[in-house]
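Remarks on the structure that follows.
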Amino acid sequence: MELRDRTRLEQIEDAALVFCAVRSTEATRRLPMRPEGRAFDYRTAFQRDRDRVLHSRAFRRLKHKTQVYVPYTGDHPRTRLTHTLEVAQIGRTLARALGLNEDLVEAIGLGHDLGHTAFGHSGEKTLARVLAGEEPSCPLPPELLPHLGAFKHNYQSLRVVDLLEQRYSLPGLNLTDQVREGMLKHTTWKVSFPFPLPQSEGLRLGLPCHLEGQVVALADEIAQQTHDLEDGLQAEAVSLDEVERLAAARAVIERAGDTYRGDRRRWRRAALLQRGLIHMFVTDAIQTTARAITRLANRHQVTDRAGWLAIADEIPAATVTLSRKVMPLFVELKAFIYRFIINHQEVNRQDHRARLVMAGLFRAYYDNPLLLPTYALLRFHEETGRPYLRDVLIPQIPAEVAQHYRPEPRFVRLVIDHLAGMSDRFALDEFAALYHPTGAPPSTSAGRV
């Protein structure tokens, strides 16, 4: 029996992939990989990245982070983790059908939301407002604001994998540049976005993402809209009758025929509709993307990998996309979900609470750094050379904080990193312990980045 080591796997991969797919042999990393005593290498570079993401602490915390509905109110609403798994699944389906690198897509898909905060986009927006000096409950010195940078979850995902995860001898997970680029570009990005990344080299900020990264970006959109719809139906934020009037739903119902119309069980029809929507969008994306790649190849007379690499930096940023026929259906669905589910009263109540909690925690930590966990204070000590705060004599602590913590941009970003890593439940428990100290203290095991 043949044992397939990395070299053999790379040969098999190269033979299986189409000319426009990224090869594992093309992978680059910021830092050298250390052998750690291994005698047998049986993973390609992107397999290794996938495994590193999967075993990270940040990945495990996704199970307690909100997607739309808070995860502890029921067993069935999506969490940030289940969303991530659905993105990876849809992405793999797209990649396999198109002949792209499935391992690269899976690694990006599993890592794309590692930087998401507690409480979903509401937590993200709150941290962005704090750093911009736009959160009234968290006033920061005006002279500090130009040095703080901004906040966006896809950039924070890179900060997690480049700096904050601590599993190896060097900071971060040392993922390949191709995975890092896909994680950043799964949603909008800017060349000059003011965000403190340890290393921007390898991200190709001024260029469109490779096709595998574009696959994840579209898979993220498809997964998000279809599962938000299912969760909204489950929460009774919308009715099935309302959904059935959407053009995308009518297209699915028409194709299903009596299989759909003849079933009186509404939950079965809702499940069939959700599956049908995913199938319609994924099928259309595969066919549309294949046609677009064929046109690009024919226009530039590309027939092999070398030819594709010569034009790869010029491909459209949305080469992987939906057709002109199906895109309006998707846009209508997205607008419907935003109006009736994302903007629903209960979701907005959660968003309001998220702002109170995240802003309140930032204010508490900024005012009194001793409230931060030990690892955070030690990190500040290591980054700045200032004395470890718990070793400072008590009478000297106020002056140390006033002179070397509150005016220091690295301290503000450290607090933001700590908040961004929290799960919903940990953030709520910490807020209750600090502002309503009547119950049990929060767990000390959660929240660490």
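Among the residues making up the range 158-182, those that are of a type outside the set (D, E, K, R) and in contact with a His (Cβ under 8 Å, 6 or more places away or on another chain) are GLN178, GLY182. Report every pair of residues separated by at least 6 positions or lying on different chains whose Cβ atoms are under 9 Å apart, first residue within the range 241-258 and more than 11 Å from LEU272 (Cβ to Cβ), second in a helix (DSSP H, G or I) and of a type in the set (Val, Ile, Thr). Partner pairs satisfying both residue conditions: GLU244/ILE253. Here ASP284 clears all of (1) more than 30 Å from GLU135 (Cβ to Cβ); (2) within 26 Å of the chain's Cα centre (by Cα); (3) at pLDDT below 95; (4) surrounded by 15 or more Cβ atoms within 10 Å (Cβ to Cβ) except the condition numbered (3).
Being at pLDDT below 95, within 21 Å of GLN166 (Cβ to Cβ) and surrounded by 17 or more Cβ atoms within 10 Å (Cβ to Cβ) is the requirement here; does VAL449 meet it? In short, yes.
If I filter the range 345-363 for residues that are farther than 19 Å from SER122 by Cα and hydrophobic (A, V, I, L, M, F, W, C), do I get at least one hit? No, the range 345-363 contains no residue that is farther than 19 Å from SER122 by Cα and hydrophobic (A, V, I, L, M, F, W, C).
Return yes when PRO387 is surrounded by fewer than 19 Cβ atoms within 10 Å (Cβ to Cβ), in a loop (DSSP other than H, G, I, E, B), without any contact (Cβ under 8 Å) to a residue 40 or more places away in the chain and over 27 Å from the mean Cα position of the chain (by Cα) and no when it is not.
yes
Among residues of the range 165-193 being of a type in the set (S, T, N, Q) and out of contact with any Leu (no Cβ under 8 Å at 6 or more places or on another chain), the one that is farthest from LEU205 (Cα to Cα) is SER169. Checked against the criterion of being in a helix (DSSP H, G or I), among the aromatic types (Phe, Trp, Tyr) and farther than 30 Å from THR288 by Cα, the candidates PHE330, PHE411, PHE336 yield just one match: PHE411. Of all residues in the range 129-154, those that are without any contact (Cβ under 8 Å) to a residue 24 or more places away in the chain have Cβ atoms under 6 Å from Cβ atoms of residues that are aliphatic (A, V, I, L, M) and assigned to a loop (DSSP other than H, G, I, E, B), 6 or more apart or on another chain, in GLY133/LEU140. Checking the structure you have, find out if any residue of the range 155-165 is touching a helix residue (DSSP H, G or I) at 6+ places or on another chain (Cβ under 9 Å), in a loop (DSSP other than H, G, I, E, B) and either over 16 Å from MET183 (Cα atoms) or modelled with pLDDT of 95 or more (or both). No. Does ARG349 fit the bill of being over 30 Å from the mean Cα position of the chain (by Cα) and part of a helix (DSSP H, G or I)? So ARG349 fails the test.
If we scan the range 194-216, do we find a residue that is acidic (Asp, Glu) and under 23 Å from ILE286 (Cα atoms)? The answer is yes; a qualifying residue exists.
Residue pairs whose Cβ atoms lie under 8 Å apart, sitting 6 or more positions apart in sequence or on different chains, and linking a residue in the range 191-204 that is at negative phi to a partner that is loosely packed, with under 14 Cβ neighbours inside 10 Å and in a loop (DSSP other than H, G, I, E, B), are VAL191/GLY206. Would you confirm whether any residue within the range 322-336 is in contact with an Asp or Glu (Cβ under 7 Å, 6 or more places away or on another chain) and either of a type outside the set (Val, Ile, Thr) or in the same structural domain as ALA427 (by TED's automatic domain parsing) (or both)? Yes, because at least one residue in the range 322-336 is in contact with an Asp or Glu (Cβ under 7 Å, 6 or more places away or on another chain) and either of a type outside the set (Val, Ile, Thr) or in the same structural domain as ALA427 (by TED's automatic domain parsing) (or both).
Of the helices (runs of 4 or more DSSP H) contained entirely in the range 179-260, those carrying at least 3 residues that are of a type in the set (A, V, I, L, M) fall at 211-234, 247-256. Return yes when PHE330 is farther than 24 Å from GLU135 by Cβ, at pLDDT below 95 and under 24 Å from the mean Cα position of the chain (by Cα) and no when it is not. No: the conditions fail for PHE330.
All conditions in (1) hydroxyl-bearing (Ser, Thr, Tyr); (2) at pLDDT 90 or above; (3) buried (at least 22 other Cβ atoms within 10 Å of the Cβ) hold for TYR69, with the sole exception of (2).
The values are calculated or read from the model by the stated rules, or taken from the named source; none is laboratory data. All values reported here derive from a predicted model rather than from experimental measurement. When we count neighbours, we look across all protein chains shown, and the Cβ atoms used for this are built from the backbone with ideal geometry, even at glycine.
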